[in-house]
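The values are calculated or read from the model by the stated rules, or taken from the named source; none is laboratory data. The shown structure was predicted, so the numbers you read here are calculated from the model rather than taken from an experiment. Keep in mind that these areas ignore ligands, DNA and RNA; they rest on the heavy atoms of the full protein, side chains included. Shrake-Rupley method; radii C 1.70, N 1.55, O 1.52, S 1.80 Å.
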Amino acid sequence: AFSPEDNITPDKAHQLGKEWIERNIQGHQVYMVTHIDKNHIHNHFVINSVNMDNGLKLQISPSKLLEMKKDSNYLAIEKISLKSI
C-alpha cells in the first residue's frame, strides 16, 4: 500500500506490482488487482501456490518473505522515486 502523500498513480502502482511479481513469484499463476477505492492506492495478489506445469508447491520461508518485502520497498524507492518506506 502507498501513502496518500506518495506521488503515485494507479497505473504506476499496477506497473510496480507486475514488476514485483516477475521478480519474486516465478512459475505460478498470479491474479493482481490494483485498488483505488480507499485513500491509499494498493495492490492485492492471489497466488496459485501449485505450479501448473510441475505440481510443485510454492514455499516461502520467513527469510524469503523478508527479502520479498525489501524488494517491494526497493522498487517503490528506486523505480517510482518514493521517499524511504
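Which value, in Å², gives the accessible area per residue of the chain when a 1.4 Å probe is used on the protein heavy atoms?
On the way: 6170 Å² over 85 residues.
Value returned for the chain: 73 Å² of accessible area per residue.
With 22 Å as the limit on Cα-Cα distance, the pairs of Lys12/Lys70; Lys38/Lys64; Lys12/Lys38; Lys12/Lys69; Lys12/Lys57 that go past it are Lys38/Lys64; Lys12/Lys57.
How much of the accessible area of the chain, in percent, comes from carbon and sulfur atoms when a 1.4 Å probe is used? Before the final figure, lay out each step's value.
Numbers: 3200 of 6170 Å².
Ligands and nucleic acids excluded, carbon and sulfur reach 52 percent.
Hydrodynamic estimate: the Kirkwood radius of the chain over Cα pairs, inserted into Stokes-Einstein at 10 °C and 1.306 mPa s, corresponds to D of 115 µm²/s. Of Lys64, Lys18, Lys38, the residue with the greatest mean-square motion in the GNM of the chain, using alpha carbon springs below 10 Å, is Lys38.
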